[in-house]
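I have placed the structure first, in the form of structure tokens, so that the comments after it can refer back to it.
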Amino acid sequence: MIYLIDNTIDGQGASPREILDALGRVRPEALVLMEPFHAVSLARVEELGPTHIILSGQSHPWDSYRPEQLAGVYDVIREAQQPLLGVCGGHQQIALACGARVDVMKRLGPGTGYENCLRERGFFPIETDGEGLFKGLKRSLTVWHSHFDEVKELPENFRLTASNETCRIQAMQHTTRPVYGVQFHPELFDAEHTDGRLVVENFLAL
């Protein structure tokens, strides 16, 4: 069973539904349980015993989330033993849980929130190290991006696994545990752009 953590507030973002759809295409026989971030705890994960855990993207800037509602997910990120993948906001969530800084990529003018901020959106290339999630794949992949924020520094015990010119930390991997973060959206693949599907398949094969 795959445990999909919905990081949207009141279901206002598409990310968890898009991940759910991709899992249905890649692994149609798999059971997927989706629950909201504020219902998540390490005890819940231990009760369910999933094979894999996926953190979806978020729907709002991180300062809109109450710390006490994220505490359970943070515990899971820091302590769960299952392979865990953070997608876009989930990638940033891993960094936050491990004490690293997340902020907008670049502010282009005055404003608050995401106003006048650089956004990376569309299919763009990334360069990978060919390890972990990218094992057996081309070093240069083309994947879908949609984000204003980025992880500004690698958390302790993580290594960089993919980059591009817009966002340096496009992917990271824990050095001793099967915890992975990707700033892009591997679940948004199509017939012309299949690299994301291969990344999802690699994660599910862990």
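Could you run through segment 158-186 and say how many residues are more than 15 Å from Leu84 (Cα to Cα) and assigned to a loop (DSSP other than H, G, I, E, B)?
8
May I ask you to list pairs of residues, at least six apart or on different chains, whose Cβ atoms are under 7 Å apart, with the first in segment 135-160 being basic (Lys, Arg) and the second being in a strand (DSSP E or B) and surrounded by fewer than 20 Cβ atoms within 10 Å (Cβ to Cβ)?
Arg139/Glu127; Lys152/Val102; Lys152/Asp103
Could you say whether any residue in segment 19-40 is out of contact with any strand residue (DSSP E or B) (no Cβ under 9 Å at 6 or more places or on another chain), under 21 Å from Pro155 (Cα atoms), modelled with pLDDT of 95 or more and not hydrophobic (A, V, I, L, M, F, W, C)?
no
For segment 149-161, does any single residue satisfy the condition of being among the charged types (D, E, K, R), in contact with a helix residue (DSSP H, G or I) (Cβ under 9 Å, 6 or more places away or on another chain) and crowded, with 18+ Cβ neighbours inside 10 Å?
Checked against the condition, which is being among the charged types (D, E, K, R), in contact with a helix residue (DSSP H, G or I) (Cβ under 9 Å, 6 or more places away or on another chain) and crowded, with 18+ Cβ neighbours inside 10 Å, segment 149-161 yields at least one hit.
Which pairs have Cβ atoms under 6 Å, sit 6 or more apart or on different chains, and link a residue in segment 171-187 that is in contact (Cβ under 8 Å) with a residue 40 or more places away in the chain and within 15 Å of Glu18 (Cβ to Cβ) to one that is not in a strand (DSSP E or B) and not small (Gly, Ala, Ser)?
What qualifies is Val182/His91; His185/Cys88; Pro186/Val199; Pro186/Val200; Glu187/Glu18; Glu187/Ile19.
Under the condition of being in contact with a helix residue (DSSP H, G or I) (Cβ under 9 Å, 6 or more places away or on another chain) and farther than 18 Å from Ile19 by Cα, which residue from segment 41-66 is modelled with the lowest pLDDT?
Among them, the one singled out is Trp62.
For residues in segment 16-41 being farther than 22 Å from Ala205 by Cα, of a type in the set (A, V, I, L, M, F, W, C) and over 15 Å from the mean Cα position of the chain (by Cα), which is surrounded by the fewest Cβ atoms within 10 Å (Cβ to Cβ)?
Ala39
Can you find even one residue in segment 136-149 that is in contact with a Lys or Arg (Cβ under 9 Å, 6 or more places away or on another chain) and part of a loop (DSSP other than H, G, I, E, B)?
Within segment 136-149, one or more residues are in contact with a Lys or Arg (Cβ under 9 Å, 6 or more places away or on another chain) and part of a loop (DSSP other than H, G, I, E, B).
Checking Gly13 against (1) within 17 Å of the chain's Cα centre (by Cα); (2) farther than 17 Å from Pro186 by Cβ; (3) modelled with pLDDT under 95; (4) not hydroxyl-bearing (Ser, Thr, Tyr), which test does it fail?
So Gly13 meets the others, but not (2).
Checking Ala205 against (1) without any contact (Cβ under 8 Å) to a residue 60 or more places away in the chain; (2) farther than 28 Å from Glu115 by Cβ; (3) in contact with a Leu (Cβ under 8 Å, 6 or more places away or on another chain); (4) among the hydrophobic types (A, V, I, L, M, F, W, C), only one condition comes out false. Which one?
Of the numbered conditions (1) without any contact (Cβ under 8 Å) to a residue 60 or more places away in the chain; (2) farther than 28 Å from Glu115 by Cβ; (3) in contact with a Leu (Cβ under 8 Å, 6 or more places away or on another chain); (4) among the hydrophobic types (A, V, I, L, M, F, W, C), the odd one out for Ala205 is (3).
The values are calculated or read from the model by the stated rules, or taken from the named source; none is laboratory data. Everything numeric here is computed off the predicted structure, so don't read it as measured data. Here Cβ is always computed from backbone atoms with ideal geometry, including for glycine, and neighbour counts include all displayed protein chains.
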